[in-house]
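One structure below.
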Amino acid sequence: MNEVNPPSPGSNEVDVEEMETEEGVVRVEENVVSVLDAGKEEEKTETMDADSTQAADAENEDEARSEAVFSFTVAVANVEKGSVLSPPCIVMKREAASPAQGSEKALGFFLQCNGEATGSNWSCNAQADLRLIKHNGEKPICRRITHLFYNKENDWGFSHFVSWSDLLNPAKGFLKDDSITLQVWVNADAPHGVCWDSKKHTGYVGLKNQGATCYMNSLLQVLFFTNQLRKAVYKMPTESDDSAKSVALALQRVFYELQHNDKPVGTKKLTRSFGWETLDSFMQHDVQEFLRVLLDNLECKMKGTCVEGTIPKLFEGKMLSFIRCKHVNYTSSTKEPFYDIQLNVKGKKNLMESFKDYVTVESLEGDNKYDAGEHGFQEAEKGVIFLKFPPVLHLHLMRFQYDPHTDSNVKINDRFEFPEKLNLDDFIQKENNEYLDNLPLDYTLHAVLVHSGDNHGGHYVVFINPKGEGKWCKFDDDVVARCSRSEAVECNFGGSPGEEEITLAIKHCTSAYMLVYIRDAFIKDILEEVTQVDIPCELERRFTEERELDMIRRKERSEAHLYTTVSVILEEAFEGHQGSDLFDPDNAPYRQFRVKKSCPVGEVAEMIAQALKFPLNQIRLWPIQSRSNGTSRPMFLEWHPERVVQTLSGMAPWSLFVETASPDTPAKASLKPFDKTNDLLLFFRLYDPVEARLHYCGHGYINMKRPVRSASELLGSASELLGSASELLGSASELLGSASELLGSASELLGSAGDLIATLNERAGFPPNTPLLLYEEVKVDRCDPIQNLDDSFETLGEVMDGDIIIFQKQENFPEKNYPLPTPLTYFHYRDCPAQQPISCRYEGTLLDLIGGMKITRNCKRMYYQILTCRVNEIEDKKELKVVFIDSKYREEKEVSLYPEKGASIRSVLEEAKKVFPFSENGTGKLRVLEILSSKILDTIDPEMIISHLTLSPPKVLRIEEIPPEQMLIAKDEILLACAHFHKEPLATFGCPFYIKVKHNQTLGSIKETIQKKLEISDKELEKWNFAIISAGRATFLEDDNFKLDLQKFKVHGTISVPWLGMEHLNKAPKRMRYSMEKPVKIHN
């Protein structure tokens, strides 16, 4: 045990609780209690023999316990000599040499965790009571600590626990037989960064954190232990789903692995199925928002399947929102579904107070009277009544609220109590309630989702009661540990229980954020154990195959350093290539072989020959070497069968050109031997100035000592050599065809002595005595002419294996007849211009412009582009971001337009017409709307100057196509702005729009217009309420025969134009005000 002051070998040991760690053994809460004479510094430490007792119940003998109590009795005389260490116990206690407070001599008392560990990545959060026992029957001195222990802070405590004079004072009662007794109660979380076996200790496994996905992990565990939902997810048909995009399949996989794996489960495939990028996994989102989005997605995917309706069956409740006039017989009410309930925490002591606050009736009086239609403005009562609570009740505690004083969200960490058993009978409507089932509304707490931190960030964990039996487990990402009921419930009330027991500030910011209750009447069915029978055989077979493939891939990755890739390219890949070298390495049709680096080259050759279906004696390997001039060419490989791949240079990966014999070559025949001393491997390409194209004409072995004009031997395989003269004769178009058409028998050319020029003519289909111009391709996009054909290749310079000879007819023609008359001009001018254009305001000289550029001596090119406008106008334009929306008001797209500075909105519309996605039978006319908080403020006059607009977030400009019915507006008609809202007119959401209405048009007719425009079902429309919103006040319209008076929509002074509100549930997740997070989206 590595102590600041090493103990002597004589220290006693007590029973310890151990768990595996990176070193072999780790104590979960390895506590060593030690005492220190803080008045002495740099004294030699001594560990004294002492009696140690451990006060623990039988259940604490469990290896995976989270809590322990142990005591340590030591003689005062020994304490005075220096530091004293207790024996280790799951929580290790030690005193560190700390400076004395002032000059007073004192007793130091510290708790140490994992003191023997040498690793640096472990951590363990724990809280403990450090107690100094009084033997006179009085209460011990007790001080609490809460600390995150890790390698650099592996002990925590008090250097001045009690003064030395008080310790020795007999009246204080600390001494007994000249000894004192120290006691520690410790409660520790499961450690991170060590080999904690969650499956062994709890029977469950955790989920890996991708960066900031603790919120998602916590919710996935809650849904996983909602067993009835898990069974339904397993039954979703996913046989034909794309494994990369199917959310249902990915969730099935996560649930299956949580049920069967012994180690933490990854969620990358799940987040990929959401359509998330890596950045999304490092962005923490709101739990409630993610839950709504995920359940909505699952509900949609379950439609039309055998599990349709599972989500509403489990999670949907019903409530009645009402407004009841006090003095007239008029009531307006709406039934609404809900999937969760948001309860206030601020100013509330417990859950029951929050429920009472939720159903409290609000009085509408004075300026806030309710417009009751024909009854006028009336005093009224507004409230909600619960009609049905769901079997699984999700309660979101509103810990985050907007603070107008700081103009930001703040977290409310007030103490808020919630029970393990909950009865909601007092909150249900008992009369005229079609949903009442006459069963008691008793609920059992199933899960507590906890947030630690503040509004700017934090960490989520979840405590779950898996079987509803009161046995709790804590799920902290990849670590799962058993915990007590107190730790799961009382410790997450938040705040401080009382003045006498105040913990550190870190505990104040840890509080319950979401509660999950399950109704007792259905808990047996909902938590019924999920067995192997509940998992479809096809699904299990699919996951088994995936696991086997993953194991193979992991094995390949672990053994990747033992292998290399051999990329093979054949001569057919050279045909049609128009750039430098023989082929484009980025797009070449390689055949790849994975071979061990220790594999002999002979075995590699046999593998390639077998794959290509050639005898071994009819192939030859030519490694492709990257040269210093930027080219890649085949080179001679001198090898013997026993030489291994690893000894060859440039083997990552190894690219080979494989020379093969003609398919009609006899099996016993071999390729012509290559003399590495006298022969050169050359490749030939014909240049056609008429088409400005290169044609591949095979390869051959050339004796480097003979003149170019009369090379003695031109040998090659059938794939290298081009066919007979009769096959080569024909029209010019045939003669310039692909090399594959020119391939033929090589029997007439093998071993023959002839003229290189004649041979090239023969390959190209030219007459035998046609004069040719020869060029050597010396580097990328450059070739040099071969001037003296009487010289040998040996005297031409740096000609080597793999070089390329380009040839063309020597003709007396003026260059102007062809754009690119020679290979020199072809390579010189075929490049593309640079990406960055020269500024139109550049005032330097041409020499200044190209002085710093790395160019060849022949580079004298300048490119230009014809624009649709003057160059200087580009710098005079203004970037204007607008939003395009389609005719169905579903797809929004942000676009940047570039109208001229000082131009009008009309120019913006003209610019937008070039890129706007018009509908097929649309009007082709556009308008610009000013949108604020999902409401239409106004239609902007096309003559308005852009600079006069006040555009700042959250205001946006929206461009839309004018519908045909809105092109002409009669005197008795107006364009009525419509917007969605939920409960309050300020809570607008979604996409606002215009409809055309007539004077005295009925509400029923308007509903039909909106239903047709938005394409919503009758069932959905029944859930919507309609209201006229004026000056922020809503006048609800109940009667479909209500006639719209257009006089009410006239603007008076500065009062905003009234609009038609559609009140219904916002199925999109709610966002907190001023939140800078991206909204949670599941794209698939």
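Given the whole protein assembly as supplied and a 1.4 Å probe, what does the accessible area of Arg131 come to in Å², nearest 10?
Near enough 50 Å² of accessible area.
Roll a 1.4 angstrom probe over the protein heavy atoms and tell me the percent of accessible area of segment 198-310 that is carbon or sulfur.
In segment 198-310, the share of accessible area belonging to carbon and sulfur is 49 percent.
Over segment 565-671, what is the percentage of antiparallel beta bridges among all DSSP beta bridges, to the nearest 5?
Restricted to segment 565-671, the bridges split so that about 75 percent are antiparallel.
For segment 565-671, what class follows from the C-alpha gyration tensor (a ≥ b ≥ c being the square roots of its eigenvalues): rounded when a/c is under 1.5, otherwise prolate if a/b is larger than b/c, else oblate?
Taking the square roots of the gyration eigenvalues as a ≥ b ≥ c, segment 565-671 is oblate.
On the Cα set of segment 582-632, report Rg and Dmax in Å, please.
13.2, 36
Before I look further, what does segment 198-310 give for accessible area per residue, probe 1.4 Å, in whole square angstrom?
Roughly 36 Å² per residue, with all protein chains present.
Please give the contour-minus-distance gain from Asp525 to Asp781: 0.36 nm per residue of separation, less the Cα-Cα distance, rounded to one decimal in nm.
Between Asp525 and Asp781, full extension yields an extra 84.6 nm.
Determine, for each peptide in 761-770, 260-269, the mean count of other beta carbons within 10 angstrom over its residues, then list the peptides with the highest first.
Put in order of decreasing packing, that is 761-770, 260-269.
How do 915-921, 509-515 rank on mean C-beta neighbours within 10 Å, highest first?
So the order, starting with the most tightly packed, is 509-515, 915-921.
Ranked from the most accessible area to the least, with a 1.4 Å probe and all protein chains present, what is the order of His828, His446?
His828, His446
What does the highest-first list of 930-937, 237-244 look like by mean Cβ count within 10 Å?
Averaged packing, sorted descending, gives the order 930-937, 237-244.
Quick check: from the Cα gyration tensor, does segment 216-315 come out rounded (a/c under 1.5), prolate or oblate?
It comes out rounded by the Cα gyration axes.
To the nearest 10 square angstrom, what accessible area does Cys473 show with a 1.4 Å probe?
10 Å²
Take Lys346, Lys105 and sort them by solvent-accessible surface of the protein heavy atoms, 1.4 Å probe, largest at the top.
Lys346, Lys105
Please report the carbon-and-sulfur percent of the accessible area for segment 565-671; probe 1.4 Å, protein heavy atoms only, DNA, RNA and ligands left out.
49 percent
Once you compute Rg and the Kirkwood Rh from C-alpha atoms, what is the Rg to Rh ratio for segment 898-937?
1.03
Please calculate the 1.4 Å probe accessible area of Arg906, with all protein chains present, and give it to the nearest 10 Å².
Approximately 110 Å² for this residue.
The values are calculated or read from the model by the stated rules, or taken from the named source; none is laboratory data. Everything numeric here is computed off the predicted structure, so don't read it as measured data. Here Cβ is always computed from backbone atoms with ideal geometry, including for glycine, and neighbour counts include all displayed protein chains. Protein only, heavy atoms only, side chains kept; ligands, DNA and RNA dropped before computing areas. Shrake-Rupley method; radii C 1.70, N 1.55, O 1.52, S 1.80 Å.
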